[in-house]
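Below: one structure, written as structure tokens.
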Amino acid sequence: MKIGIPRALLYYYYYPLWREFFTQLGLEVVLSPTTNKGILDAGIKNTLSEVCLPVKVFYGHVSALADKVDYLFVPRINRVEPKAYICPKFMGLPDMLKARLQQMPPFIDTAVDAGMDGNPVQCWVDCFQEVGSKFTHNHQLVNSSIAAAFRTQQEFQRRLTGGMLIPDALENDCVPEVAATSQQNYTLRIGLLGHPYNLYDAYISMNLIHKLQSMGSFVVTPESLSVDEIEDEARKLPKRLFWTLGKRMIGSALNFYASKELDGLIYLTSFGCGPESLVEELVARWAKQQGNLPYLMITIDEHTGEAGMVTRLEAFTEMIKRRQKHENHLSSHGEPLHSG
Ligand code: SF4
């Protein structure tokens, strides 16, 4: 039995968990290729134009797996933590796919729902129990597969909070030094906000992380923060945010501001994202209030050109360097900074 996992959306959060579970269960996991023009075009062709870019990309990845697998794993993800919803697009994803794509292998679309009082682990345990029972009556095998899956996911999380970027942390044989090496020789520390399925999809983001690194930046992403660090900051909001992914962005932004360790902040958003239209505005306002942290927002869609992106990144990093030079000059002459 082959089970297909689209290399898009929450793959970037949960792939180690999913892969290990299905592998331990005895299934062969087939991952769609990295995003390319063909995948994006297939996604655009099969979705409505107003759908956000990451969902279009997801459609393309599902299409790429259609004739290669016996099942497709597309869980219906409602809540992965109590009292907060993940984006509505994730809830309706299996229905949207079934409505638009023909001749697909059966979807494994079991619901993942932490409910109002559940916990982030139990919702996946419940999902896997249900999925496992479709393939085997051996409860012991299902339980041991779930336990192995959580161990693998914990190791993945440990690598991320240890400073690795997702592509490095996903490599089986990767050791912490690999990520550290790719981030050496930098002159700026840039915070990079955005959903992992935008940031780490090299085709969609036009290799944004690599571009920043080659311009001499050390890139810090929300994945380097623990859940508690993000929650502590998000709790400072006057009103509780009930969108998990939006809360993650805001909590990370506040943590980045508070750390005062960054030279600039970039927020990569995708056109058509409902939650981000609110979150991005809040982050931009805080950046303005902080006053001293250069901030750049980049919105991408399927028509975004690479040359424009490079120009904006070069201008942004150059502006920060000049500003730092100017401030160093002022402080070496005993003059107050930001004197206008
Ligand atoms: S959070 Fe935004 S970008 Fe992500 S799936 Fe939802 S609408 Fe699309």
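Values quoted throughout were computed directly from the atomic coordinates according to the rules given, and no laboratory measurement underlies them. Keep in mind it's a predicted model, so treat the numbers as computed, not measured. Note: ideal-geometry Cβ built from the backbone for every residue, glycine included; neighbour counts use all protein chains shown.
Before moving on, here are some points about what is shown:
- Using the Karplus relation 6.51 cos²θ - 1.76 cosθ + 1.60 with θ = phi - 60°, the per-residue 3J(HN,Hα) values for segment 27-33 come to 9, 8, 8, 10, 9, 5, x Hz, with x marking Gly and Pro.
- For the chain: Kirkwood Rh in Å [reciprocal of mean 1/r, alpha carbons]: 21.3
- Nearest-0.05 FRET efficiency for residue 155 and residue 134, computed from C-beta distance (R0 30 Å): 0.65
- Taken over the Cα atoms of segment 171-332, the convex hull encloses 133 Å³ per residue.
- Extended-chain gain in nm, criterion 0.36 nm per residue less alpha-carbon gap, residue 292 and residue 310: 4.1 nm
- Dividing the convex hull volume of the alpha carbon atoms of segment 105-170 by its residue count gives 120 Å³ per residue.
- Applied to segment 85-90, the Karplus parametrisation 6.51 cos²θ - 1.76 cosθ + 1.60 on θ = phi - 60° returns per-residue 3J(HN,Hα) values of 9, 7, 4, x, 4, 5 Hz, with x for Gly and Pro.
- Helix 37-46 axis, angle to the chain major axis (alpha carbon atoms, nearest 10°): 70
- Cα long-axis angle, helix 306-332 against the chain (0 to 90 degrees, to the nearest 10): 40
- Using the alpha-carbon positions of segment 2-159, Rg (one decimal) and Dmax (whole number) come out as 15.3, 46 Å.
- Convex hull volume per residue, computed on the Cα atoms of segment 37-89, equals 90 Å³.
- Ranked by how many other beta carbons lie within 10 Å on average, peptides 194-205, 52-63, 246-257 from highest: 52-63, 246-257, 194-205
- Spin-label pair residue 326/residue 236, simplified geometry with 7 Å Cα→Cβ offset, distance in nm: 2.7
- Separation of segment 7-75 and segment 263-313, taken as the distance between their Cα centroids, equals 26 angstrom.
- For residue 297, the residues whose amide H sits under 5 Å from its own are 267, ignoring neighbours fewer than 5 places away on the same chain, with H placed 1.01 Å from N.
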